[in-house]
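Working notes, beginning with the structure itself.
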Amino acid sequence: MPDHSDPFRKARTQEGVLNVDCDGENVPLVLRHEDAKETAKDWETFSSDNPLMCVLHSEADVRGVRQLPLEIDPPDHADFRALVQPLFNKPRSDAKFIAAIEQMIDKMVRDAVSLGEIEAVRGFVLPMQSKALALLLGMPESEADIWISWGLHVFHDRDDDAGDGHLLEQYTGSRFKQAEKEPGGDFFSYLNEVEFRGRKLTFDEKQGFANVTFAGGRDTIINTAASIFAHLAEDPDSLSFLREDESRINLAGEEFVRYVSPLTAITRKCPHMAKLAEQEVPEGGRVAICWPSANRDETVFEDPDELKLDRDPNPHIGYGFGRHNCLGAHHARLLFRSLMKSLCKHVERMVLIESEPKMEKESSYERQVGYESVHVRFFSRNA
């Protein structure tokens, strides 16, 4: 796998922050592991109550609702999150659901191996993410075909060039209305009926939950799973290494999240003037918690720039930290674990034919966040 270099090392070891110009706003990135955790926990100084601004650049042009429970502070955050937490616990505790995901991914791997070679990003990972989400939300698999057409990032990458992320709100809005007429056991029906502090959710609140569910984990899962394909194909011994001890598969899933860290930053707004390292952040200004930098902190991780499939311990914060840690973390872990397990079962080795890194460029850094494409060839264990 091409080296995911660390563009934050120098600033992390010296100042501990790195300033980024975001549409004319100076936003300091919090770079050190411990500082990132402290910032994530201190919601009174660094607030999540800043709709449409949770990433470096405003998303006002691609969505019109506050993402719930992401863009809200305690105590409301805990109560909103509790409404959907049981759904997102299924990948950890629901044996039937876990088996369904494993079976779905195993069939996809067998089908891919039978083809001999594939382009893994759009040809495997995007469909895997969409089909798994359909299972999680209790939706028919046919809905996944619609989601696949949205491309790798629902806000910025539609395959049909038919518009922007507001089409997601049109889609989810139509599904809420459909669920009112024909209620069932699906995500939309549940949000139509669930109560928050003795009342039904407003339409915007339901849309906020749907927005983060569909957009929040889409490209992050895709970029990490694509990186799994790239690494296992480029390193001829990696599959054998994982097969030797199945417990390594869980460790490898955590290490890919640490090493790739596909989401660069989550921002927080300062309700009052705050100090970060030696910088003053004005009232109303933002700071950004930089996950990939924290996950390469040399004071925490030995050989941080190496991808070690059996790294243990691994205190990465690739799924966030504190109250706002990723709702979909259990789901992502299940997908990565199931993917590697099936590859170990059906593939003797893979060969990387070619790949195109996916780069993110800002005013003060450039980093790889995943892949635009990964072409691999399979050598079956059953040949």
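The values are calculated or read from the model by the stated rules, or taken from the named source; none is laboratory data. Owing to the predicted nature of the structure, the values given are computational and were not obtained by experimental measurement. Cβ coordinates were reconstructed from backbone atoms using ideal geometry, including for glycine residues, and neighbour counts include every protein chain displayed.
What about I228, is it crowded, with 23+ Cβ neighbours inside 10 Å, outside any loop (DSSP other than H, G, I, E, B) and in contact with a helix residue (DSSP H, G or I) (Cβ under 7 Å, 6 or more places away or on another chain)?
Here the answer is yes, as I228 does meet what is asked.
Counting only residues that are more than 21 Å from the chain's Cα centre (by Cα) and buried (at least 17 other Cβ atoms within 10 Å of the Cβ), how many does the range 74-107 have?
Residues in the range 74-107 being more than 21 Å from the chain's Cα centre (by Cα) and buried (at least 17 other Cβ atoms within 10 Å of the Cβ): 1 in total.
Considering only residues that are in contact with a Phe, Trp or Tyr (Cβ under 9 Å, 6 or more places away or on another chain) and part of a loop (DSSP other than H, G, I, E, B), which ones fall in the range 322-362?
N325, C326, L327, G328
Listed here are the residues, each with its yes/no results for (1) in contact (Cβ under 8 Å) with a residue 60 or more places away in the chain; (2) under 21 Å from the mean Cα position of the chain (by Cα).
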{"position": "D310", "(1), (2)": "yes, no"}
{"position": "G322", "(1), (2)": "yes, yes"}
{"position": "S338", "(1), (2)": "yes, yes"}
{"position": "C344", "(1), (2)": "yes, no"}
{"position": "F379", "(1), (2)": "no, no"}
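Quickly run through the range 259-289 and pick out the residues that are closer than 25 Å to H153 by Cα and either β-branched (V, I, T) or in a loop (DSSP other than H, G, I, E, B) (or both).
Those that are closer than 25 Å to H153 by Cα and either β-branched (V, I, T) or in a loop (DSSP other than H, G, I, E, B) (or both): V260, S261, P262, L263, T264, I266, T267, V287, I289.
Which of the residues that make up the range 63-79 are under 13 Å from G208 (Cα atoms) and part of a loop (DSSP other than H, G, I, E, B)?
Of everything in the range 63-79, those that are under 13 Å from G208 (Cα atoms) and part of a loop (DSSP other than H, G, I, E, B) turn out to be R63, G64, V65, R66, Q67, L68, P69, L70, E71, I72.
Would you check if P51 is buried (at least 22 other Cβ atoms within 10 Å of the Cβ) and of a type outside the set (A, V, I, L, M, F, W, C)?
No: the conditions fail for P51.
Hey, does the range 31-45 have a residue that's among the polar types (S, T, N, Q), within 30 Å of T299 (Cα to Cα) and either surrounded by 22 or more Cβ atoms within 10 Å (Cβ to Cβ) or at pLDDT below 95 (or both)?
Within the range 31-45, one or more residues are among the polar types (S, T, N, Q), within 30 Å of T299 (Cα to Cα) and either surrounded by 22 or more Cβ atoms within 10 Å (Cβ to Cβ) or at pLDDT below 95 (or both).
Could you please find all residues in the range 20-53 being within 21 Å of the chain's Cα centre (by Cα), touching a residue at least 40 places away in the same chain (Cβ under 8 Å) and not in a strand (DSSP E or B)?
L31, R32, H33, A36, K37, T39, A40, K41, S48, D49, N50, M53
Which of the residues belonging to the range 194-212 are part of a strand (DSSP E or B) and loosely packed, with under 13 Cβ neighbours inside 10 Å?
Scanning the range 194-212 gives E195, R199.
So for the range 213-227 (the condition being hydrophobic (A, V, I, L, M, F, W, C), within 18 Å of E71 (Cα to Cα) and in contact (Cβ under 8 Å) with a residue 40 or more places away in the chain), does at least one residue qualify?
Yes, some residue in the range 213-227 is hydrophobic (A, V, I, L, M, F, W, C), within 18 Å of E71 (Cα to Cα) and in contact (Cβ under 8 Å) with a residue 40 or more places away in the chain.
Could you pull out the residue among P292, P315 that is surrounded by fewer than 16 Cβ atoms within 10 Å (Cβ to Cβ) and either of a type outside the set (V, I, T) or part of a loop (DSSP other than H, G, I, E, B) (or both)?
Only one candidate qualifies: P315.
Could you tell me which of the residues V374, V351 is loosely packed, with under 14 Cβ neighbours inside 10 Å, within 27 Å of M128 (Cα to Cα) and of a type outside the set (F, W, Y)?
V351
One residue is enough: does the range 318-330 have a residue meeting the conditions surrounded by 16 or more Cβ atoms within 10 Å (Cβ to Cβ), in contact with a Cys (Cβ under 6 Å, 6 or more places away or on another chain) and of a type outside the set (A, V, I, L, M, F, W, C)?
At the first step, the residues of the range 318-330 found to be surrounded by 16 or more Cβ atoms within 10 Å (Cβ to Cβ) are 318-321, 324, 326-330.
Those left that are additionally in contact with a Cys (Cβ under 6 Å, 6 or more places away or on another chain): 319-320.
If we keep only those that are of a type outside the set (A, V, I, L, M, F, W, C) as well, we get 319-320.
Checking the range 318-330: at least one residue is surrounded by 16 or more Cβ atoms within 10 Å (Cβ to Cβ), in contact with a Cys (Cβ under 6 Å, 6 or more places away or on another chain) and of a type outside the set (A, V, I, L, M, F, W, C).
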